[in-house]
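Down below is the structure, laid out as structure tokens.
The values are calculated or read from the model by the stated rules, or taken from the named source; none is laboratory data. Just so you know, these numbers come straight off a predicted model, no measurement behind them. Here Cβ is always computed from backbone atoms with ideal geometry, including for glycine, and neighbour counts include all displayed protein chains.
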Amino acid sequence: MMAMSHTSKDRLGNLPPGTVITGKWHGHSYRLLRRLGSGANGVVYLAESGRRRVALKLSDDYASLASEMNILRRFAKVQGAALGPSLLEADDWQSPFARRVVPFYAMEYIEGEQFSAFVRRRGKEWAPVLLMQLLSVLGRLHEEGWVFGDLKPDNLIVTGPPPSVRLLDVGGTTMQGRAIKEFTELYDRGYWGLGSRKAEPSYDLFAAAMVMIAACYPGPLEKKGNGRAQLLSIIETDRFLAQYKEVLQNALDGRYAKAADMRRDLLAASSRRAAANYEVKTAAAAPNRRSGRRAAKRRKTGRIAETVLIAVLLLGAYGFYIYWHLSM
Amino acid sequence: MRKGTLRQILLITDGCSNHGEDPAAMAALAREQGITVNVIGVLDQDTIDENGRREIEAIAAAGGGMSQIVYAKQLSQTVQMVTRQAMTQTLQGLVNRELKQIFGSDVSLEDLPPDKRGQVMEVVDELGETAALDVLILIDTSGSMKTKLPMVKEALLDLSLSLNARMGENRFSVFIFPGKRNYAEKMMDWTPKIEELSTIFPKLSSGGLTPTGPALREAMAYFGRNRSLRSWIHDGDEPYIEGSSW
């Protein structure tokens, strides 16, 4: 059964750009532009509908697609900023390739960069910043009685500017108190031997800590022996992560009941780090002063340019005034 | 009293049967009794031969379950996924049958407008979370499986982690084949604590024939008297389906 769905998923995953998908219930057409990615139960394409760009998720699993749409609809009802992409339309496509009906839904296309790529390009210091944003989002999700479940860098996208983090792929979102629906081993506390798979806020907070660790750890992570000891030693040996040891360890051990608590500690650790950096910089005074002088110079040039500009404008206005009087 | 229960056989093997009845026929027989048969084919590095693959897919298809062929390393994630997806599939089948009852014709999830499917899935998700589940784990210990047994153990502990997080109750039992006296030998009786498994794994010895078909036959007998799955949906004070509005 699953083996069969795999082959047809390959076919769904290789639709050529330009393919037009028309819904049989609502009759709207979508022209595929390119593939964005594929998840556990479907493929996502960037598509065009009229002049609007949307993300289209196709799957051959009616059931999981319907469950996902339920979650997206629920998210839409949560007050404030959107928690995931907003759902636009659901329909079925009579596919000439698969010779059968393929269910799909259209959702908002969130343009941005994957979390890991962003942190690699812009620097580790972004990891805690984005994590704080993420914790605010998770906090709201938890208050509504949900747990995101499959939290990992691939499911986080950074939009902007200014950079802000958004959640993608809500397939793992689970009602609190139930069993986590979907997860990825590396970000699953069960895999690391550090807790159950019950959907509770601390499950997401464990994964959030793992997202930060993975962002700073070079090379692939894999569990070897005692998971907790391994993770702690990774944190201690990395100079950047070591500054956040306390927060990360609390999250890994499931000691935070609320995202807000973890966020508060993360913020405190970051400010401590900023303060320490400031002291280091003031102590090493020479480069600091030089950069200060350069800034003063820049300010001075700015002021001169401003004066000249005003003078020119005034002269121009005066010239025009005279010309106008003469021609009368 | 226990409400009706979802019943599954999880067969873990690495190759072809070479003794006794056709395992696909035995899986079909299990299905007739309301037992779903899922099959996981475990590989080392080398690829499985075509006959093995075909047999694995045939058993799962006949048993109304799922099949997946994996490398030993990915076993944990696969075992829990296959078990859960098969549950959803079974429940969905039940709900589809209910839909037919309501609409009097061939209506299934696919025939409903996309916006209505969500309501059906909420019922399925709810049942999947709360239903009781019996999983009989049937492990092939013939010859080449020996090196994979530690991974099988890991995978089963991981399965219990996933299932025990559910609200519904679970029971597990473990059989291996070939057994010493019978085709299938009971290693662990029905228990909610699969952790006990750790104690039996060192005892497993491997070797001999691969009587997959006969082992399946003996395993299904262990489930005892058949209870119709449909009766289970109407078992409560109120039928689930009629409670939801369309």
Report whether or not B:Thr141 is among the β-branched types (Val, Ile, Thr), surrounded by fewer than 22 Cβ atoms within 10 Å (Cβ to Cβ) and modelled with pLDDT of 85 or more. no
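Conditions (1) within 20 Å of A:Leu135 (Cα to Cα); (2) among the aliphatic types (A, V, I, L, M); (3) at pLDDT below 90, marked per residue:
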{"residue": "A:Phe183", "(1), (2), (3)": "yes, no, yes"}
{"residue": "A:Tyr187", "(1), (2), (3)": "yes, no, no"}
{"residue": "A:Ala207", "(1), (2), (3)": "yes, yes, no"}
{"residue": "A:Met210", "(1), (2), (3)": "yes, yes, no"}
{"residue": "A:Arg228", "(1), (2), (3)": "no, no, no"}
{"residue": "A:Asp238", "(1), (2), (3)": "no, no, no"}
{"residue": "A:Ala251", "(1), (2), (3)": "yes, yes, no"}
Within the stretch A:1-44, restricting attention to residues that are part of a helix (DSSP H, G or I) and aliphatic (A, V, I, L, M), which residue is modelled with the highest pLDDT? A:Leu12
As an exercise: evaluate B:Glu169 against (1) free of Cβ contacts under 8 Å to residues at least 24 places away in the same chain; (2) within 14 Å of chain A (Cβ to nearest Cβ) and give the number of the one condition it does not meet. (1)
Picking from B:Arg84, B:Arg97, which residue would you name as being at pLDDT 75 or above and assigned to a helix (DSSP H, G or I)? B:Arg84
Given the conditions (1) in contact with a Phe, Trp or Tyr (Cβ under 9 Å, 6 or more places away or on another chain); (2) closer than 17 Å to A:Asn155 by Cβ; (3) among the aliphatic types (A, V, I, L, M); (4) modelled with pLDDT under 90, every one holds for A:Ala55 apart from (4)
The condition of being more than 10 Å from chain A (Cβ to nearest Cβ), over 21 Å from B:Pro211 (Cβ atoms) and surrounded by fewer than 21 Cβ atoms within 10 Å (Cβ to Cβ) holds, among B:Val70, B:Val79, only for B:Val70
Looking at A:Leu72, A:Leu134, can you tell me which residue is at pLDDT 90 or above, surrounded by 20 or more Cβ atoms within 10 Å (Cβ to Cβ) and either not aromatic (Phe, Trp, Tyr) or not assigned by TED's automatic domain parsing to the domain that holds A:Thr173 (or both)? A:Leu134
One residue from A:Glu125, A:Glu113 being over 12 Å from the mean Cα position of the chain (by Cα), over 25 Å from B:Leu109 (Cα atoms) and surrounded by fewer than 23 Cβ atoms within 10 Å (Cβ to Cβ): A:Glu125
